[in-house]
Structure formats: C-alpha cells, structure tokens
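Encoded as structure tokens, the structure appears first; notes follow it.
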Amino acid sequence: MNNSANPPVCKILNYGKYKFDAIKKEKEAKKNQKVTELKEIQLSMTIDTHDLEVKAKHGKRFLEDGNKVKVVLRMHGRQQAYAKNAITVVKNFYSMLEEFGTIDKEPEIVGRNIILIVSPKTK
C-alpha cells in the first residue's frame, strides 16, 4: 500500500482470516526455532586423562547438537588453595573442545567452583 497515492488506497479484508493467518505464521516461525540448552559437565582437580577424554566426548556431542556447555570444576578442602592448578585443568579440557566451540565466558572462580561456558561454533 502506497501512502503517497492520490486518491488514497486502502484494502478491505476479512479480519478473522487476517488474524488466523497471523497466528499461523507465528506458529510456523516458532516451530522452526532452535532452543539452545545449557548442558553441564562436572570435573574434579584429580580427574584422570581418560576420564577427561570421555567427558570431552560428551561435551563435543552437546556442542554438535547446538547446546552450550557449562564446565564446572568443584574444589574440595585443601584443593581451594591450588585454584591455579584447577584453572589449568579446565583450560586443558577446553583445548579438547576447541574445534567445536568457543569460550563464551572465561574460567572464573565462584566460591569453591570454577566455571567455564563454551558456545557451539556457528556454521
């Protein structure tokens, strides 16, 4: 519809049909939408290499499905004094996922946890 037309032009339509079509388009758009979830993987400071590889495999699968991955390393007791070592473990874990995702949020110490969030790479 042209606003500058002379004489002004308007369109007469059935409001019920218009409303129905609008709702139908909205449902279609919602159906095609991908909802991303936040999957969590828990690590410990004393995790062995094979266990780390298994968890990295799970993280890889989550990222390929289009979900974000939250890596949580929980420190117990005296481990809290060695937070730098824990951050190294988390970064080592991320290096296994590097080709599938990017760091959304750098490793940060929150209480007794170290949290890292990885987002899937866009195609």
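The values are calculated or read from the model by the stated rules, or taken from the named source; none is laboratory data. All values derive from a computational prediction rather than experimental measurement. Backbone-built Cβ (ideal geometry, glycine too); neighbour counts: all protein chains shown. Side chains are part of the model used for accessible areas, which takes the heavy atoms of the whole protein and leaves out ligands, DNA and RNA. Shrake-Rupley method; radii C 1.70, N 1.55, O 1.52, S 1.80 Å.
Overview of values
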| item | result |
| --- | --- |
| Odd one out for Val69 among (1) open to solvent by 90 Å² or more (accessible area, probe 1.4 Å); (2) in contact with a helix residue (DSSP H, G or I) (Cβ under 7 Å, 6 or more places away or on another chain); (3) under 22 Å from Val35 (Cα atoms) | (1) |
| Cβ pairs under 8 Å, 6+ apart, first in the stretch 24-48 and part of a loop (DSSP other than H, G, I, E, B), second among the β-branched types (Val, Ile, Thr) | Met45/Val89; Ile47/Val89 |
| Subset of the stretch 91-103 that is part of a helix (DSSP H, G or I) and hydroxyl-bearing (Ser, Thr, Tyr) - its residue that is surrounded by the fewest Cβ atoms within 10 Å (Cβ to Cβ) | Ser95 |
| Condition check for Glu53: open to solvent by 90 Å² or more (accessible area, probe 1.4 Å), touching a residue at least 12 places away in the same chain (Cβ under 8 Å) and over 13 Å from the mean Cα position of the chain (by Cα) | yes |
| Residue that is least open to solvent (accessible area, probe 1.4 Å), among those in the stretch 104-123 that are in contact (Cβ under 8 Å) with a residue 12 or more places away in the chain and over 18 Å from Leu52 (Cα atoms) | Ser119 |
| Selection from the stretch 75-90 of residues that are at negative phi and exposed (fewer than 15 other Cβ atoms within 10 Å of the Cβ) | His76, Arg78, Gln80, Ala81, Tyr82, Lys84, Asn85, Thr88 |
